[in-house]
1. If A:Val16 satisfies every condition in (1) at pLDDT below 95; (2) over 30 Å from A:Cys107 (Cβ atoms) but one, which is the exception?
2. For segment A:1-51, which residues satisfy the criterion of being touching a Phe, Trp or Tyr at 6+ places or on another chain (Cβ under 9 Å), of a type in the set (A, V, I, L, M, F, W, C) and without any contact (Cβ under 8 Å) to a residue 12 or more places away in the chain?
3. Could you tell me which residue of segment B:1-27 is surrounded by the most Cβ atoms within 10 Å (Cβ to Cβ), considering only residues that are more than 8 Å from chain A (Cβ to nearest Cβ) and free of Cβ contacts under 8 Å to residues at least 24 places away in the same chain?
4. Do the conditions hold for A:Ala91, that is, is it more than 7 Å from chain B (Cβ to nearest Cβ) and in contact with a Pro (Cβ under 9 Å, 6 or more places away or on another chain)?
5. Which of (1) more than 8 Å from chain B (Cβ to nearest Cβ); (2) outside any helix (DSSP H, G or I) does A:Leu31 not meet, given it meets every other one?
6. So how many residues does segment A:34-69 have that are more than 7 Å from chain B (Cβ to nearest Cβ) and either under 22 Å from the mean Cα position of the chain (by Cα) or modelled with pLDDT under 90 (or both)?
7. Within segment A:16-28, can you find the residues that are loosely packed, with under 14 Cβ neighbours inside 10 Å and within 10 Å of chain B (Cβ to nearest Cβ)?
8. Among the residues of segment A:80-92, are any in contact (Cβ under 8 Å) with a residue 40 or more places away in the chain, on the phi < 0 side of the Ramachandran plot and in a loop (DSSP other than H, G, I, E, B)?
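The values are calculated or read from the model by the stated rules, or taken from the named source; none is laboratory data. Bear in mind the structure is a predicted one, so any value in this text is a computation, not a measurement. Quick reminder, even Gly has a Cβ in these numbers, built from the backbone with ideal geometry, and neighbours come from all protein chains shown.
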Amino acid sequence: MLSDPFTVFAIGCAAVAAVLLIWYLAVKPALSRATKLVLLFAIGILPIGTAANGNVAGYHATKTREFCSSCHVMTPFGDDSSNPSSTSLAARHGRNEAFGDENCYTCHADYGMFGTITTKLGGMRHVYEYTLHFHQLTVEQALPRIHIRTPFPNATCIRCHSTEAPGWRRVGDHRSLLDRIRAGTVSCASDGCHGPAHPFAQVAHIRAEQAAAAAEGAPR
Amino acid sequence: MTRLLQISAVLTLLGLVLMVWSMIAPTPMPVILAMSVGQLVGTLAFGMFGYAVLVDQLRKQRAKGAVAAAAAAAAVTSIAQAAGEAAAGPAGSTPAGSAPTVEAPP
């Protein structure tokens with residue numbers, strides 16, 4: 001937490017502002033020019049410093065895996081992607097230094113000029129869904145209901161796997177499906193290819209579907 | 001104005017607490033609260049401070065203007081009194097209504 005300079009600066013500004021404000025509230029000095037100047041720092045300049053640096057620190061914090069899995073229904077996703085022995089696509093990417101502890105954000109962030117904004121708006125949708133629909137559920141109840149809102153775009157994979165590297169081109173399936181991969185008509189994360197990034201979630205979906213089918217077929 | 005500034009100081013402290021909480025425990029609820037309620041409360045407090053200072057300044061200027069006006073009025077009154085006394089003049093001096101004599105230059 002205190003390794004982030006923005007956080008340190010923000011907390012420092014807040015601490016100085018708090019000392020000045022408590023002094024003002026305790027001593028109750030007359031409203032002279034000096035008091036106004038002190039209050040300008042305590043109510044204006046220092047809190048603005050805290051807010052500005054706090055926004056940057058908060059933005060950094062919202063990109064971490066710890067933040068994403070702080071909602072209990074996301075715990076299995078975070079646990080799997082940070083598990084060193086897991087072979088899921090998410091875990092293998094999480095072990096990559098370029099993804100590190102921001103692997104959720106790196107893969108799920110939208111691309112493009114306003115990608116950050118649309119990603120954050122999507123995050124607010126997650127908060128809405130969690131607060132109204134998932135907060136009361138257990139992880140087992142929630143897992144079959146959690147699904148990605150739009151299919152995972154190949155463009156996200158192509159950001160790093162450019163489809164141009166000789167090693168990538170050596171794979172026969174890549175070569176034969178190149179145009180369809182680039183067009184996004186064949187998903188990198190489809191079952192015949194690399195499979196879903198979070199396979200345990202797919203297992204939960206299949207189990208829930210089987211249970212529903214069995215319930216429908218059961219004699220009443 | 002003092003009460004307004006005290007409320008403003010308390011609101012600022014509340015906003016700061018929310019912001020610091022979001023940095024100490026960066027989970028969704030504190031971060032969302034800090035970036036919405038915390039900043040709204042902080043902005044409101046700063047607005048109240050600006051209003052209080054502006055009103056105080058205007059009051060002081062008005063008071064200063066009133067003092068200046070009173071001083072000017074007093075000065076005018078004293079000048080008028082002095083002029084009246086000069087016009088009445090002491091006994092044996094230039095009679096009232098006659099123009100003072102001016103000696104011609106040599």
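1. (1)
2. A:Leu40, A:Ile48 - these are the residues of segment A:1-51 that are touching a Phe, Trp or Tyr at 6+ places or on another chain (Cβ under 9 Å), of a type in the set (A, V, I, L, M, F, W, C) and without any contact (Cβ under 8 Å) to a residue 12 or more places away in the chain.
3. The initial filter retains those residues of segment B:1-27 that are more than 8 Å from chain A (Cβ to nearest Cβ), namely B:3-4, B:7, B:11, B:14, B:17-18, B:21, B:25.
Within this subset, residues satisfying the condition of being free of Cβ contacts under 8 Å to residues at least 24 places away in the same chain are B:3, B:17-18, B:21, B:25.
Working: B:Arg3: 8, B:Val17: 15, B:Leu18: 22, B:Trp21: 17, B:Ala25: 13.
The selected residue is B:Leu18.
4. Numbers: more than 7 Å from chain B (Cβ to nearest Cβ): yes; in contact with a Pro (Cβ under 9 Å, 6 or more places away or on another chain): yes.
In short, yes.
5. The one condition A:Leu31 does not meet is (1).
6. Within segment A:34-69, residues that are more than 7 Å from chain B (Cβ to nearest Cβ) and either under 22 Å from the mean Cα position of the chain (by Cα) or modelled with pLDDT under 90 (or both) number 11.
7. To start, the set of residues in segment A:16-28 that are loosely packed, with under 14 Cβ neighbours inside 10 Å comprises A:19, A:22, A:25-28.
Of everything in segment A:16-28, those that are loosely packed, with under 14 Cβ neighbours inside 10 Å and within 10 Å of chain B (Cβ to nearest Cβ) turn out to be A:Ile22, A:Leu25, A:Lys28.
8. Within segment A:80-92, one or more residues are in contact (Cβ under 8 Å) with a residue 40 or more places away in the chain, on the phi < 0 side of the Ramachandran plot and in a loop (DSSP other than H, G, I, E, B).
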